[in-house]
Structures are given as structure tokens and as C-alpha cells.
1. Run down Ser316, Ser278, Ser311 and say which single residue is touching an Asp or Glu at 6+ places or on another chain (Cβ under 8 Å), within 20 Å of Lys27 (Cβ to Cβ) and at pLDDT 90 or above.
2. So, in the stretch 33-86, how many residues would count as being of a type in the set (A, V, I, L, M), modelled with pLDDT under 90 and open to solvent by 20 Å² or more (accessible area, probe 1.4 Å)?
3. Answer with yes or no whether Val270 is open to solvent by less than 50 Å² (accessible area, probe 1.4 Å) and either in a helix (DSSP H, G or I) or not β-branched (Val, Ile, Thr) (or both).
4. Across the stretch 361-399, what is the total count of residues that are touching a residue at least 60 places away in the same chain (Cβ under 8 Å) and of a type in the set (Ser, Thr, Tyr)?
5. Kindly indicate whether any position in the stretch 377-391 is part of a helix (DSSP H, G or I) and under 30 Å from Pro295 (Cα atoms).
6. What single numbered condition from (1) in contact (Cβ under 8 Å) with a residue 12 or more places away in the chain; (2) assigned to a helix (DSSP H, G or I); (3) of a type in the set (Val, Ile, Thr) fails to hold for Thr348?
7. In a loop (DSSP other than H, G, I, E, B) and either surrounded by fewer than 22 Cβ atoms within 10 Å (Cβ to Cβ) or outside the structural domain of Glu112 (by the TED database) (or both), is that true of Gly21?
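The values are calculated or read from the model by the stated rules, or taken from the named source; none is laboratory data. What you are looking at is a predicted structure, and each value in this text was computed from that prediction instead of being measured. No Cβ is skipped: glycine too gets one built from the backbone with ideal geometry, and neighbour counts run over all protein chains shown. Ligands, DNA and RNA are stripped out before the accessible areas are found, and what is left, the full protein with its side chains, is counted by its heavy atoms. Shrake-Rupley method; radii C 1.70, N 1.55, O 1.52, S 1.80 Å.
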Amino acid sequence: ESEECCSTQVINGDGSFNDEGIDHFVKEIKLAECGLSYAVVSIMGPQSSGKSTLLNHLFHTNFREMDAFMGRSQTTKGIWIAKCAGLEPCTLVMDLEGTDGRERGEDDTAFEKQSALFALAVSDIVLINMWCHDIGREQAANKPLLKTVFQVMMRLFSPRKTTLMFVIRDKTRVVYGYLKISCLQTPLEHLEPVLREDIQKIWDSVPKPEAHMETSLSEFFNVRYWVEVVALSSYEGKEELFKEQVANLRQRFFHSIAPGGIAGDRRGAVPASGFSFSAQHIWKVIKENKDLDLPAHKVMVATVRCEEIASEKYNSFTSNENWHSLEEAVKSGPVAGFGKKLNSILSTSLSEYDAEATFFDEGVRSAKRKHLEEKLLQLVQPAYQSMLGHLRIETLEKFKEAFDKALKGDEGFSVAARNCIETFMASFDARYA
């Protein structure tokens with residue numbers, strides 16, 4: 001729990017992607033080493049509903065301090081990301097700009113949809129932060145948000161099976177006493193059925209493309225509910241209870257992607273070393289207002305990353321001291337154990353490629369590996385030919401000596417020639433192998 005939080009801005013307030021910041025963030029937290037063992041959580045909800053405060057208590061992040069440090073206003077601008085402190089697996093959390101702000105004016109809906117689609121495309125778990133008093137109300141602040149979430153999800157060609165977790169908050173002291181009894185002690189009985197009905201109605205009312213006319217909500221989402229009724233407005237008076245309830249909720253994020261975890265049946269996760277590039281490309285597609293084909297996106301990310309990994313391994317091989325020594329030595333004469341030494345260096349490069357590319361699309365991974373192998377073999381071909389040349393010359397010289405000796409003996413020409421050729425061809429073959 002002493003682990004420190006690390007954070008940066010993903011999408012700036014003007015909608016531009018902070019590629020340098022994300023690359024630095026990914027290196028800082030050593031995300032690439034995680035493979036598929038990492039989770040992404042994002043939070044959506046009305047402006048000034050305490051999203052950042054909840055995240056800071058829940059994930060031990062520092063979104064508030066970050067605001068002050070960067071000189072931002074109280075409302076989160078754009079999208080920020082942080083590494084949660086003290087959670088396994090490695091968990092990244094994104095804080096999204098409030099969904100009902102007035103600052104953006106006409107641009108608000110466009111950015112809201114873009115950021116919602118981005119969150120759904122990259123997150124395993126999306127927290128929907130909503131007011132208790134909005135449940136069952138026709139004009140509730142969360143309804144436009146949920147419509148947006150469901151509408152943009154249709155723009156993903158393949159459902160990710162994102163987990164939606166509804167965190168129900170109570171902001172008024174007046175209803176707190178009542179909710180302490182009805183929500184906290186028997187929350188499912190009082191709130192969950194109404195919320196389920198609300199969500200189903202919104203899902204049914206959202207226009208759907210032909211391909212998803214009959215698709216159920218559960219095909220796209222795992223839906224979870226967490227009734228959190230400690231009022232942020234009375235946080236000082238109920239601090240211990242607030243911390244206790246948030247600590248209970250926090251436990252659900254440990255091993256979140258393991259079987260049985262809250263995101264245990266997620267689909268199509270991008271390997272951690274491709275996260276930065278993947279997020280950047282997803283945002284580019286969204287900004288261009290195109291539909292997001294996640295399966296095709298996954299292959300594209302695999303193609304780019306596997307090419308990068310293969311290129312790194314090729315460059316590493318060309319600067320390898322053992323290879324340079326072998327290459328130089330074979331120019332002047334035969335090298336003992338040449339094959340084993342060269343094979344060892346080649347195997348190391350390919351094994352390193354396999355280790356880094358292991359979680360990417362199998363077809364792409366195999367094709368890029370084959371290409372890397374061909375390039376490496378092409379690179380070592382001259383040294384290999386030199387070694388064979390030395391073996392040929394050595395074998396030929398020894399053949400001449402043996403053949404001359406055989407001719408001086410009792411053997412006839414044809415017998416001596418046949419025996420010597422067989423002997424020295426076998427010798428060459430053995431050394432060539």
C-alpha cells in the first residue's frame with residue numbers, strides 16, 4: 001500500500017491525444033511487462049458529482065492534487081489516467097470529464113460521446129457514478145449519459161463484454177437517515193430492481209443497427225450494482241463509515257480480471273505493451289467519427305507492435321558483440337563450434353521476440369516471426385558461406401593428400417578415387433551439419 005500513484009492526462013481539454021505523456025506514463029509504471037495481466041477502469045457521471053473524490057479514496061489516486069498542480073479548474077477537463085496504488089493486477093483508472101457541464105456549449109454532446117466511446121473501447125470496468133434520487137426519475141441526470149453509453153457501444157463491431165458498475169450516491173442529508181435503513185441494510189430489495197428496470201428501458205429505447213436489433217444488454221455488458229449511500233456533503237460527519245464502505249468496494253477490484261472477478265469474462269484485451277498505441281489509434285478513429293472495428297483494430301495493433309518488436313530484435317542482433325566476434329573470426333579461417341555459437345545467438349533473438357510478442361494475435365505474431373527469422377538468416381548468410389568455404393578448402397586439401405597416398409599404394413585408380421571421395425564427402429557433410 002506504500003506504492004505511489006502515477007498519473008497523466010490522456011486527452012487534453014481541446015480533444016488532442018497526449019501521446020508523449022502516455023508513452024512516458026507507460027514506461028514509468030513498466031506497463032509493458034504486464035502482458036494481459038492488467039485492468040482498465042473508468043468513471044462516468046454528472047459534473048461535480050464527486051467522481052474524482054471517489055476515485056482518490058477507492059484507488060488511492062491523486063486526481064485532486066493533480067488538479068491543483070496543473071492549475072486546472074475544479075471540473076476535470078478531458079480524460080486523465082492514473083495507476084492505482086496497491087492493487088493486483090496492475091490497474092489503471094481513467095477520470096472522465098463530467099457529462100452535463102455547460103462550459104463546452106454545443107461541443108458538449110460531441111465530446112461526451114467521443115469520451116464515452118473511448119472509455120468503453122479501452123476499459124474492462126466502467127463505473128457509472130449516479131445520484132440515489134435519480135433512480136426511477138424520468139428526467140434523471142444519468143439517463144442522457146446511459147443513452148450515450150448504449151448508443152456509442154453500437155459503434156463497436158464486436159462487444160467487449162465491458163463490466164458496468166453502478167455506484168449509487170446520496171448527496172443530501174435529508175434522505176440520508178431514511179437511506180441508511182433502506183439502502184444500506186437491504187439495498188438490492190429497494191434500489192436494484194428499479195435501477196435494473198431503468199437501464200433496461202433505456203437499452204430498449206436506444207436505436208440499434210440491423211445487426212443488433214435483437215441483441216440483449218447482457219451480450220454487451222456485465223452489469224453490477226454497488227449502493228453507496230454515504231453523502232459526500234456530510235463526509236466530515238460520517239468519515240469512518242465512508243472509508244469503511246469504500247474499503248469494501250475496493251476489495252472487489254483485487255484480481256478483477258481473474259475467473260470469477262468483476263471483469264473475469266472480458267474479451268479482446270490488448271497486450272499491455274500495445275496499450276499506448278492502441279489508445280492513440282482508437283481516439284483517432286473516434287475523432288474522425290468512424291465506426292470502431294475492434295477485431296480489426298486488434299490485428300492492426302498486433303501488426304504494428306510485432307513489427308516494432310521484430311525490428312528491435314534485429315537491431316539488437318546487429319550490435320551483438322558475440323555476433324561481431326564470430327563474423328570477424330570466420331573471415332580469416334574456420335571457427336570451432338561456429339554452428340552452435342551462431343545458433344545460440346539466433347535462438348536468443350527469436351526467444352526474446354516470442355516473449356515480447358506472445359500475447360498478440362497468433363497469425364500476425366507468427367508471420368512477423370518468420371519474417372524476422374528470414375532477415376536474420378539473410379544477415380548471417382555471408383559468414384555462413386565463409387565457414388562453408390573454409391570447410392570445402394580444408395576437406396579438398398586433405399582429400400588430395402589422401403588420394404595421392406592411395407595412388408602410391410596397391411589400390412587401383414577407380415577404387416582409390418571412390419574410397420577417398422566417399423570418406424571426405426562424409427567428413428564434409430558431418431562438419432557441414
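1. Ser316
2. Within the stretch 33-86, residues that are of a type in the set (A, V, I, L, M), modelled with pLDDT under 90 and open to solvent by 20 Å² or more (accessible area, probe 1.4 Å) number 2.
3. No; evaluated as a whole, the condition is false for this residue.
4. 0
5. No; the residues of the stretch 377-391 include none that is part of a helix (DSSP H, G or I) and under 30 Å from Pro295 (Cα atoms).
6. Result: Thr348 fails condition (1) only.
7. no
Yes/no per residue for (1) open to solvent by 30 Å² or more (accessible area, probe 1.4 Å); (2) assigned to a helix (DSSP H, G or I):
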{"site": "Ala263", "(1), (2)": "no, no"}
{"site": "Ile282", "(1), (2)": "no, yes"}
{"site": "Val301", "(1), (2)": "no, yes"}
{"site": "Val304", "(1), (2)": "yes, yes"}
